[in-house]
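To start, the structure under review is shown below, and the notes come after it.
The values are calculated or read from the model by the stated rules, or taken from the named source; none is laboratory data. The model shown is predicted, which means the values in this text are computed figures rather than measured ones. Using ideal geometry, Cβ is built from the backbone for each residue, glycine included, and neighbour counts are taken over all protein chains shown.
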Amino acid sequence: MKKLVLLIPLFFITMCGEAPVTPPAQACSPPLDGSDFTCPPHDFVLKEKPTLPREEMRGDIDVWNPHHLIQMEQMFIRNARRTQIEQNMTLPSDAINNALDDFWEVQDGSNGSTEQEKLL
């Protein structure tokens, strides 16, 4: 019972103590009152395509063991597939921009000439 009595004040001290305060996040949205605002700079800009990690052979390799040869062959095939995926992949920013363009084209109509304008 004495241990419980000693733990209760310790619990309240730790729960009611000051918590560390984190600075507010700087969001890039206009305030409701219409005053001026500035957006924080972007921290991350992707300039080149990301690469996938490659597999390597590690440890002792016995080329006369068929199991080792099969594992090596499968590793080379997986690395070739990763290279093919890297060559064919699109950047996430390009995919998002294309999706937004398609959405707004469906929403507001195409910016190109209509069929009637082509006939004139």
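Here are the numbers for this structure:
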| item | result |
| --- | --- |
| Test: residue in the stretch 75-93 that is at pLDDT below 85, part of a helix (DSSP H, G or I) and under 30 Å from residue 28 (Cα atoms) | yes |
| Single unsatisfied condition, residue 99 versus (1) within 21 Å of the chain's Cα centre (by Cα); (2) small (Gly, Ala, Ser); (3) at pLDDT below 80 | (3) |
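One line per residue, one yes/no per condition, for (1) surrounded by 10 or more Cβ atoms within 10 Å (Cβ to Cβ); (2) modelled with pLDDT of 80 or more; (3) not in a helix (DSSP H, G or I):
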{"site": "14", "(1), (2), (3)": "no, no, no"}
{"site": "19", "(1), (2), (3)": "no, no, yes"}
{"site": "29", "(1), (2), (3)": "no, no, yes"}
{"site": "44", "(1), (2), (3)": "no, no, yes"}
{"site": "72", "(1), (2), (3)": "yes, yes, no"}
